[in-house]
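Reading through the C-alpha cells given below for one structure.
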Amino acid sequence: MNKSLISFITLYKKEVQRFTKIPLQTIAAPAATGLLFMVIFTTAIGSAKTNYPLESFKGFLFPGLVMMTIIQNAFMNNSSSILMSKVQGNIVDLLMPPLLDFEIVAAFTLAGITRGVIVAIATAAVMVPFIDFQIHSLWVILFFSVFASAIMSLVGFISGIWAEKWDHLGTVGNFVIVPLSFLSGTFYSISVLPEIIQQVSLINPFFYMIDGFRYGFIGASDASLVVSFSVIFTLFIFLLITSYFILKSGYKLRS
C-alpha cells in the first residue's frame with residue numbers, strides 16, 4: 001500500500017471518527033429533531049391532501065424530513081472540520097501529507113457521505129414505527145441519498161475554506177442552507193402552490209434532492225425523475241471540479 005493511499009484512508013478515517021465519537025450530538029440529535037418535526041406537523045395538520053396515493057400525510061412527510069437531515073448534516077460535517085482546522089491553526093497538517101488535491105477533496109466528500117447516510121438511517125429508524133413505511137425503488141433512494149450527501153459535503157468544503165470565523169459559517173447555514181431546505185417541498189407538494197411560486201421552486205436544487213428521494217419511497221414526484229437525476233449529477237460534477245480548483249489554488253489556506 002503506497003503512502004498516498006495510506007494518507008487518503010487516514011484522512012477519511014479521521015473525518016469519520018470526528019463525528020462518530022460524539023454520536024449524541026451528530027447522530028441522535030438530528031434523528032430526534034426529525035421525529036419532532038414529524039410529531040409537530042402531523043399533529044398540527046393531520047391527514048392532508050398531498051396529491052399522492054398515500055394513506056397518510058406521515059408517509060409523504062417522512063422522505064422530506066430524512067433528506068433534510070442529510071442536507072444539513074453533510075454540510076456541517078465538512079464545513080465545521082475545515083473551519084476548525086483554520087481557526088486552530090492546524091490546517092497545515094492537512095496540506096503537508098503526500099496527498100493530491102483531488103484525494104483530499106475525495107476523502108472529505110466520502111466522509112460527508114458517510115455522515116449523511118448514517119444520520120439518514122438513524123432518522124428513518126426512529127420514524128418508521130410511526131408511519132406506513134414503503135419502498136418503491138431502493139436504487140433511487142440510494143442514488144439521491146449518496147449524491148445529496150456528496151453535494152452538500154462539497155458545499156460545506158467550499159464554505160469552510162471561504163469562512164474565516166464561525167459567524168461566516170453560520171451565515172451560510174442560517175441564510176442559505178436552512179431556508180432552501182425548508183422551501184424545497186419538505187413539508188408540502190409544490191403542485192399546491194401558485195404557478196409562479198412553482199417555477200421559482202424549480203430553481204432550488206434542494207427541491208430535486210427531496211423530490212427524487214421521495215419518489216424512491218412513494219413512486220410519485222412533482223418533477224421528472226430524469227430531470228432530477230440530471231440536475232443532481234450535473235451539480236455534483238460542477239462542485240467537485242470547483243472544490244478541486246479552489247483547493248489547488250490555495251485560496252485562504254496557503255496565504
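The values are calculated or read from the model by the stated rules, or taken from the named source; none is laboratory data. What you are looking at is a predicted structure, and each value in this text was computed from that prediction instead of being measured. Please note: Cβ atoms are built from the backbone with ideal geometry, for glycine as well, and neighbour counts cover all protein chains shown.
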Within region 164-208, restricting attention to residues that are of a type in the set (Gly, Ala, Ser) and more than 19 Å from the chain's Cα centre (by Cα), which residue is surrounded by the fewest Cβ atoms within 10 Å (Cβ to Cβ)?
-> 191
Close pairs from region 142-156: first within 14 Å of residue 212 (Cβ to Cβ), partner surrounded by 24 or more Cβ atoms within 10 Å (Cβ to Cβ) and basic (Lys, Arg), Cβ under 9 Å, at least 6 apart | 144/214; 149/115
For region 214-223, indicate whether the set of residues that are over 27 Å from residue 35 (Cβ atoms) and exposed (fewer than 13 other Cβ atoms within 10 Å of the Cβ) is non-empty.
-> no
Just checking, which of 216, 156, 160 is farther than 30 Å from residue 81 by Cα and touching a helix residue (DSSP H, G or I) at 6+ places or on another chain (Cβ under 6 Å)?
-> 216
Can you find even one residue in region 125-138 that is charged (D, E, K, R), touching a residue at least 24 places away in the same chain (Cβ under 8 Å), loosely packed, with under 13 Cβ neighbours inside 10 Å and closer than 13 Å to residue 81 by Cα?
-> no
Somewhere in region 105-114, is a residue at pLDDT 95 or above and over 22 Å from residue 232 (Cα atoms)?
-> no
Apart from one, (1) under 25 Å from residue 114 (Cα atoms); (2) β-branched (Val, Ile, Thr); (3) at pLDDT 90 or above; (4) surrounded by 13 or more Cβ atoms within 10 Å (Cβ to Cβ) all hold for residue 234; the odd one out is (4)
Scanning region 237-255 for residues that are surrounded by fewer than 16 Cβ atoms within 10 Å (Cβ to Cβ) and not in a helix (DSSP H, G or I) gives 250, 251, 252, 254, 255
